[in-house]
Amino acid sequence: MFDKLQQAQQKSEEIKRKLDSIEVEGEAGNGLVKVVANANRKIKDVLISDTLMTLDRKEELQDLIQIAMEKAMKTADDISQSEMAALMSTMMPGGLGSLFGK
């Protein structure tokens, strides 16, 4: 049992390192705003087009940043969930049903 827990911890650390290396992006306004993050949801960069850098476009800029961040975080979540599901399937062949003798 302890062996399995240790293996799970090692696999979890491997996945965390893998997610750190996967880059995701979220764009808004046809590329006027781009947010770059890793699959562990750490924001790496925010790129904003010079055309949005005026006071009269402040509210639009705020909206676009929010949209781009939400898209990047959604992509990061999807990748993370996929990696964790893959980990669980390797640790429990047959899925959770095998725990109950199915």
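Okay, residues lined up against (1) under 11 Å from the mean Cα position of the chain (by Cα); (2) modelled with pLDDT under 95:
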| position | (1), (2) |
| --- | --- |
| Asp3 | no, yes |
| Gln6 | no, yes |
| Gln10 | no, yes |
| Ile22 | yes, no |
| Glu25 | yes, no |
| Lys42 | yes, no |
| Ser49 | no, no |
| Glu59 | no, no |
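Report, by residue number, each residue of the stretch 19-58 that is assigned to a helix (DSSP H, G or I) and of a type in the set (S, T, N, Q).
Answer for the stretch 19-58, where residues must be assigned to a helix (DSSP H, G or I) and of a type in the set (S, T, N, Q): Ser21, Thr51.
Quick check on my filter: what residues within the stretch 34-62 are without any contact (Cβ under 8 Å) to a residue 12 or more places away in the chain and not hydroxyl-bearing (Ser, Thr, Tyr)?
Within the stretch 34-62, Asp45, Asp50, Met53, Leu55, Asp56, Arg57, Lys58, Glu59, Gln62 qualify.
Of the residues Met73, Met88, which single one is of a type in the set (A, V, I, L, M, F, W, C), at pLDDT below 95 and within 23 Å of the chain's Cα centre (by Cα)?
The conditions single out Met88.
The values are calculated or read from the model by the stated rules, or taken from the named source; none is laboratory data. On a predicted model such as this, the values are computed, not experimentally measured, just so you know. Here Cβ is always computed from backbone atoms with ideal geometry, including for glycine, and neighbour counts include all displayed protein chains.
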